[in-house]
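Peer 1: This is the structure I have questions about; it appears just below.
Here, each number is a calculation from the coordinates, and none is a lab measurement. Just so we're clear, the structure is a prediction, and the values are computed from it rather than from any experiment. All Cβ positions, glycine included, derive from the backbone under ideal geometry; neighbour counts span all protein chains shown.
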Amino acid sequence: MFKLSEIKELIKLVDQTSVHELEIENEGARLFIRKPGKTEVVNVQAAPITHTYTQAPVPAPQTAAEASVAAVQASAPAERPNTDNLHQIVSPMVGTFYSSPSPDAAAFVKEGDRVNEKSVVCILEAMKLMNELEAEVRGEIVEILATNGQLVEYGQPLFLVKPE
């Protein structure tokens, strides 16, 4: 399993060298980092590095063309249901998303659970402080958009709730 800090460091290292592609497997997880185009990237903001990360072992593609197709397919966003009538619980800060109070405890909520305004739905860790996030709406959890241990951004949707 790769840590987010390790992934960020590897992306920076690839960007600062003449290496165009990097693939690493560690404990069943595969990380593939590739610079776009055939030329060297000088400015990351002008040409961002694309990367994919999978938890399960993935067989290595046979050709460069197959590798490109695999990278595009892995980075394609999953289709989401229509969210027009759903309330989004968003992250009020940058931090790490935790679905339960401790690693061996049950999740605060799961899809299908009913919540009210004061229901704790997750913990967001920021600067070693654990902040409980409340639902602030009464309804049913339709979808959980973040995974346990994921780094989340300010304003990022974490849950979809069907209001009552």
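Peer 1: So, in region 100-145, exactly how many residues are assigned to a strand (DSSP E or B) and either aromatic (Phe, Trp, Tyr) or within 20 Å of Leu160 (Cα to Cα) (or both)?
Peer 2: Count: 17.
Peer 1: Right, next: Yes or no: Phe97 surrounded by 17 or more Cβ atoms within 10 Å (Cβ to Cβ) and assigned to a loop (DSSP other than H, G, I, E, B)?
Peer 2: Considered against the rule, which asks whether it is surrounded by 17 or more Cβ atoms within 10 Å (Cβ to Cβ) and assigned to a loop (DSSP other than H, G, I, E, B), Phe97 comes out as no.
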